[in-house]
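Have a look at the structure below before the remarks.
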Amino acid sequence: MSWVLDNLDVIAGYTGAHLVQALPPILLAFVLSLPLAKLANSRGWLRTGVTTTSGLMYAIPSLPLFVLLPGLIGTGVRSPLNIVVALTLYGLALMVPTASDGFRSVSRDVLGSATAQGYAPAARFLAVELPLAGPVLLGGVRVVAVSTISLVTVGGVLGVPSLGMLFVDGVRRGIVAEIAAGVVATAALALLTDALLVMLGRLLMPWHRGREAGRP
Amino acid sequence: MNENPFLGALDWLADPMRWSGPSGIPVRTAEHLGYTALGVLVAALIAVPVGLYVGHTGRFKGLAVGAAGVARALPTLGLVTLFALLVGIGLTAPLLAFVTLAIPSLLAGAYSAVESADPATVDAARAQGMTEWQILTRVEIPLGMSLLVGGVRGATVQVVATAMLAAYVGSGGLGRYIFQGLGSQDYPQMIAGSLLVIVLALVLDLALLLLQRLTAPRGTVAP
């Protein structure tokens, strides 16, 4: 415990760096998944392709991807940008199929009625389709958020600063408390973000209460 | 170092020296597969019976879902390093991490497999005089088999990735090449190691996906 109390500033610094790498991928995966899912739903073969590619993408472990990306996009191995790009790809692999399912769950009759009431395509998407797909989208974002926050730590072995540095430094110096602090801080950050997303969902979708959509 | 690192990685892989001896690619691949099989097997012995019980009886469902959710938030690297410090060098420490991280997928796969059986079908089986054990083994498990295999697939992906990180604290496996390359600033070797892990992960994932399709009962749609 004394290690934790003596190093609160270190933990706070790493938490900040952690969030800088975790939040952009979560946000990007969500925003980019919407048009990609709409595109995928427009063609049957495209949808099958997207589902298959996403499944395979998710099977690729994170560290090899962190290692390969710099050679492909020209960033440094220790660059946080690298982590952001890799985690956005994972986020998309999870989020695009989920969003695709979410949009498909919206009844065609409802969309037809909205058109008949005079909604232009863009307005219909924002005011009808997006809110109705909302609960499924929220379920997807929650999974993306938790897994992204946990995956950021892997960058620690490459020397990219995040809460993962507590594991790398802790094992090098043999300080159990430092590693335990890192595990607790990462899990707490993930669960806190998840709780915030649930609250945000209740605020934005007051009609959707009780059963939360989640992935098995 | 102007040379393309990917070509360097191919050179590294093409060197016959890499394909023999105790730190050669075949041995490291076998180690990696061994860790993965052992980790998934031990985790399955714990998680599958519990998951089947939860799915069949519906008891402790909230607890199982909650535990799986919390376990998903745990950072892999943190568990690997924590167990390495607490337990020391050897197979026990990484194995503990593999099992901990494989359990959520297997647990979720097992209970969702049992739950996926249509309640009307289960009631029909009960009305025909089947015992609860017969309902579980002859109706619910066969109908949900592809979901159960899906849980094994998720757990395998997780353990392949974790086994690679275990090399950071001294285990064998394909992760060794990445960390050796990192230590000696040999980027082509890191790429070669990464490609080997990715190929292994994809081969295992595709094999289990095929098994998932094959175990889906006729007339149902595999996930």
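The values are calculated or read from the model by the stated rules, or taken from the named source; none is laboratory data. Only a predicted model underlies this, so the values are computations on that prediction, with no experimental measurement involved. Neighbour counts run over all protein chains shown; Cβ positions are idealised from the backbone, glycine included.
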Which ones in the stretch A:39-73 are more than 13 Å from every other protein chain (Cβ to nearest Cβ) and under 19 Å from the mean Cα position of the chain (by Cα)?
-> A:Val50
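Does B:Leu202 qualify as being facing chain A (nearest Cβ under 9 Å), at negative phi and surrounded by fewer than 20 Cβ atoms within 10 Å (Cβ to Cβ)? Before you say what the answer is, go through the steps one by one.
Numbers: facing chain A (nearest Cβ under 9 Å): yes; at negative phi: yes; surrounded by fewer than 20 Cβ atoms within 10 Å (Cβ to Cβ): yes.
Taking the combined requirement at face value, the residue satisfies it.
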Has the stretch B:9-32 got at least one residue that is of a type in the set (A, V, I, L, M), in a helix (DSSP H, G or I) and buried (at least 23 other Cβ atoms within 10 Å of the Cβ)?
-> yes
Is there a residue being free of Cβ contacts under 8 Å to residues at least 24 places away in the same chain, on the phi < 0 side of the Ramachandran plot, buried (at least 21 other Cβ atoms within 10 Å of the Cβ) and not aliphatic (A, V, I, L, M) anywhere in the stretch B:142-160?
-> no
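In the list B:Leu209, B:Leu182, B:Leu195, B:Leu202, which residue meets the criterion of being touching a residue at least 60 places away in the same chain (Cβ under 8 Å) and farther than 16 Å from B:Tyr35 by Cβ?
B:Leu195
Which residue out of A:Ile175, A:Ile149, A:Ile179 is of a type in the set (A, V, I, L, M) and surrounded by fewer than 20 Cβ atoms within 10 Å (Cβ to Cβ)? Talk me through it step by step, then tell me what you get.
Values: A:Ile149 fails: surrounded by fewer than 20 Cβ atoms within 10 Å (Cβ to Cβ); A:Ile179 fails: surrounded by fewer than 20 Cβ atoms within 10 Å (Cβ to Cβ).
Checking each option against the conditions leaves just A:Ile175.
Report yes if B:Ala125 is buried (at least 23 other Cβ atoms within 10 Å of the Cβ) and either part of a helix (DSSP H, G or I) or modelled with pLDDT of 90 or more (or both), otherwise no.
On the way: buried (at least 23 other Cβ atoms within 10 Å of the Cβ): no; either part of a helix (DSSP H, G or I) or modelled with pLDDT of 90 or more (or both): yes.
Criteria not met by B:Ala125.
Residues checked against (1) under 27 Å from B:Val199 (Cα atoms); (2) hydroxyl-bearing (Ser, Thr, Tyr):
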| position | (1), (2) |
| --- | --- |
| A:Leu32 | no, no |
| A:Gly44 | no, no |
| A:Arg47 | yes, no |
| A:Thr52 | yes, yes |
| A:Met57 | yes, no |
| A:Ile60 | yes, no |
| A:Leu65 | yes, no |
| A:Val77 | yes, no |
If you go through the stretch A:74-93, how many residues are free of Cβ contacts under 8 Å to residues at least 24 places away in the same chain, in a helix (DSSP H, G or I) and within 13 Å of chain B (Cβ to nearest Cβ)?
-> 0
Flagged in the stretch B:101-120 as part of a helix (DSSP H, G or I) and more than 11 Å from chain A (Cβ to nearest Cβ), in numbering order, are B:Ala102, B:Ile103, B:Leu106, B:Val114, B:Pro119, B:Ala120
Return yes or no: is A:Ser150 at pLDDT 90 or above, within 17 Å of the chain's Cα centre (by Cα) and closer than 19 Å to B:Gly69 by Cα?
-> yes
When B:Leu74 is run through (1) away from every other protein chain (no Cβ under 11 Å); (2) surrounded by fewer than 24 Cβ atoms within 10 Å (Cβ to Cβ), the failure sits at (1)
Which fully enclosed helices (runs of 4 or more DSSP H) of the stretch A:1-67 have 3 or more residues being β-branched (Val, Ile, Thr)?
-> A:8-42, A:44-59
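Would you point out the residue of the stretch B:29-88, among those that are farther than 27 Å from A:Ala190 by Cβ and among the small types (Gly, Ala, Ser), that is nearest to the chain's Cα centre (by Cα)? Break it down stepwise before answering.
Kept after step one, since they are farther than 27 Å from A:Ala190 by Cβ, are these residues of the stretch B:29-88: B:29-34, B:37-38, B:41, B:45, B:49, B:52-53, B:56-59, B:88.
In the following step, the residues that additionally are among the small types (Gly, Ala, Ser) were identified as B:30, B:34, B:37, B:58, B:88.
Working: B:Ala30: 16, B:Gly34: 12, B:Ala37: 8, B:Gly58: 25, B:Gly88: 23 Å.
Looking at residues that are farther than 27 Å from A:Ala190 by Cβ and among the small types (Gly, Ala, Ser), I get B:Ala37.
Quick one: which residue in B:Thr76, B:Thr57 is in contact (Cβ under 8 Å) with a residue 60 or more places away in the chain and hydroxyl-bearing (Ser, Thr, Tyr)? Show your work before the answer.
On the way: B:Thr57 fails: in contact (Cβ under 8 Å) with a residue 60 or more places away in the chain.
From the options B:Thr76, B:Thr57, the qualifying one is B:Thr76.
State all residues of the stretch B:12-36 that are farther than 23 Å from B:Val152 by Cβ and of a type in the set (A, V, I, L, M, F, W, C); if no residue qualifies, say none.
Of all residues in the stretch B:12-36, those farther than 23 Å from B:Val152 by Cβ come to B:12-28.
Result: B:Trp12, B:Leu13, B:Ala14, B:Met17, B:Trp19, B:Ile25, B:Val27.
Among A:Ala133, A:Ala123, A:Ala93, A:Ala116, which is surrounded by fewer than 19 Cβ atoms within 10 Å (Cβ to Cβ), at pLDDT 90 or above and of a type outside the set (Asp, Glu)? Quick ask: steps written out before the conclusion?
On the way: A:Ala133 fails: surrounded by fewer than 19 Cβ atoms within 10 Å (Cβ to Cβ); A:Ala123 fails: at pLDDT 90 or above; A:Ala93 fails: surrounded by fewer than 19 Cβ atoms within 10 Å (Cβ to Cβ).
Criteria check complete, one pass: A:Ala116.
If you take just the helices (runs of 4 or more DSSP H) that sit entirely in the stretch A:100-205, which of them hold at least 2 residues that are of a type in the set (Val, Ile, Thr) and either without any contact (Cβ under 8 Å) to a residue 60 or more places away in the chain or within 14 Å of chain B (Cβ to nearest Cβ) (or both)?
Values: elements: A:108-116, A:121-124, A:130-151, A:164-173, A:176-204.
Qualifying helices (runs of 4 or more DSSP H): A:108-116, A:130-151, A:164-173, A:176-204.
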Among (1) in a helix (DSSP H, G or I); (2) more than 12 Å from chain A (Cβ to nearest Cβ); (3) crowded, with 20+ Cβ neighbours inside 10 Å - the single one B:Gly193 does not satisfy | (2)
